[in-house]
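What follows is calculated from the coordinates using simple rules that are stated; it is not laboratory data. Fair warning: this is a prediction, and the values are worked out from it, not measured in the lab. Positions of Cβ are backbone-derived with ideal geometry, glycine not excepted, and every protein chain shown enters the neighbour counts.
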Amino acid sequence: MNAFMPRGAAAPFTLACTLALTALLAACAASSPAPVLLTLPPAAQALATAPAAPSASATSPLLAVRRINIPEYLVARRVRYRADASTLGEWPNTYWAERIEIGVSREFMSALRSQLPGWSMCDTSCGDQVPALTLQVDLVPMDYLRSAQKLQARARITLSGAGVAPKVIQTQELTYDLPASADTAQAQAQTMATLIQQVASATAPLIRSAQP
């Protein structure tokens, strides 16, 4: 015990220090902003006012849609963008609420389903069902250039038949240069949703023309 501290004063002093430290930690925690959790806007939102499409039936042709390939650097919790040709950046304190590759594939299937009435869809695993066609879409690159506030991407669409060794029926490559509405992570997510919608719109006619 400190020689200059009266006997019995140690307990109140310790309590006071503990309360002060607790208050300081609480103030620091309160000043730290909560993390922003970002989701992709629905890619099929633009078609929300369109007449409802006929539902698929048991006799509808089945399309297997494989998971969309996106650049490896995007597969992360942090929301990333391209700062320049060789540098990546991350929006501060901003995270994807779900795995981005899963969100991109889900929104693509939703947008494509709205444009293919009468078709049934499944992912890579279709159980005991035999798909009539198999679709693979690669979005590489898919770079959001923050300094220019735009999304640059190339879509490679590959449509194959069914079977153990499916034959490629048709391929198409498209490039996109889409402007964002603001310098925010939310605007980047919205531009990605726009890209998904446009790729789905380009894919649907290929599937209809190849329908068995």
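Listing for the model above:
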item: Under-5 Å amide H pairs with residue 170, H placed in peptide plane, nonlocal only; result: 159
item: Sites residue 37 and residue 69 - FRET efficiency at Förster radius 22 Å, r taken between beta-carbons, to 0.05; result: 0.35
item: Mean Cα-pair separation over length for region 118-212, i.e. relative contact order, pairs under 8 Å, 6 or more apart, %; result: 23
item: Segments 196-208, 70-82 sorted - mean Cβ within 10 Å per residue, highest first; result: 196-208, 70-82
